[in-house]
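This report concerns only the one structure given below.
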Amino acid sequence: MSDGWIDKKRRSICNFLVNSPKGTVFLYSLDTFDISKIADKVFKMLNDAVEFVGEENVVQVVPDNAVNFKAAGELLM
């Protein structure tokens, strides 16, 4: 799962989490200042997260609901 947000200092951050029957685990946060607006870069960011946990362990990717994340999700499929 990923969730993007902007902090009080206007920094763009994306958190990555993994959900399983045992619960949800935080993986890492990423500064997405130069990534979050471009679908191809968001795709690479999501693909890197999938590779980090192992593609064989991924059943579903739940991205942020922004247009660029939706487009990146389509590329990931």
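The table that follows gives values for the structure above.
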{"quantity": "Residues K9 and V59, FRET efficiency given R0 of 35 Å [Cβ-Cβ distance, rounded to 0.05]", "calculated": "0.50"}
{"quantity": "Angle in degrees between helix 39-53 and the longest Cα principal axis of the chain, rounded to the nearest 10", "calculated": "30"}
{"quantity": "Computed lengthening from F33 to D48, 0.36 nm per intervening residue step minus Cα-Cα distance", "calculated": "3.7 nm"}
{"quantity": "Folded to 0 to 90 degrees: helix 67-76 orientation relative to the chain principal axis, Cα", "calculated": "40"}
{"quantity": "Two-site FRET efficiency, V18 against E74, from Cβ-Cβ distance with R₀ of 22 Å, rounded to 0.05", "calculated": "0.55"}
{"quantity": "Per residue solvent-accessible surface (Å²) - the chain, probe of 1.4 Å", "calculated": "73"}
{"quantity": "Estimated translational D of segment 1-45 in µm²/s (Stokes, Kirkwood radius over Cα pairs; 4 °C; 1.567 mPa s)", "calculated": "114"}
{"quantity": "Gyration tensor verdict on the chain (Cα atoms; rounded if a/c is under 1.5, prolate if a/b is larger than b/c, oblate otherwise)", "calculated": "oblate"}
{"quantity": "Accessible carbon and sulfur surface of the chain relative to its total accessible area, %, 1.4 Å", "calculated": "57"}
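The values are calculated or read from the model by the stated rules, or taken from the named source; none is laboratory data. Note that the structure is predicted; figures quoted are calculated from it, not measured. In this analysis, Cβ positions are derived from the backbone assuming ideal geometry, glycine residues included, and neighbour counts consider all displayed protein chains. Keep in mind that these areas ignore ligands, DNA and RNA; they rest on the heavy atoms of the full protein, side chains included. Shrake-Rupley method; radii C 1.70, N 1.55, O 1.52, S 1.80 Å.
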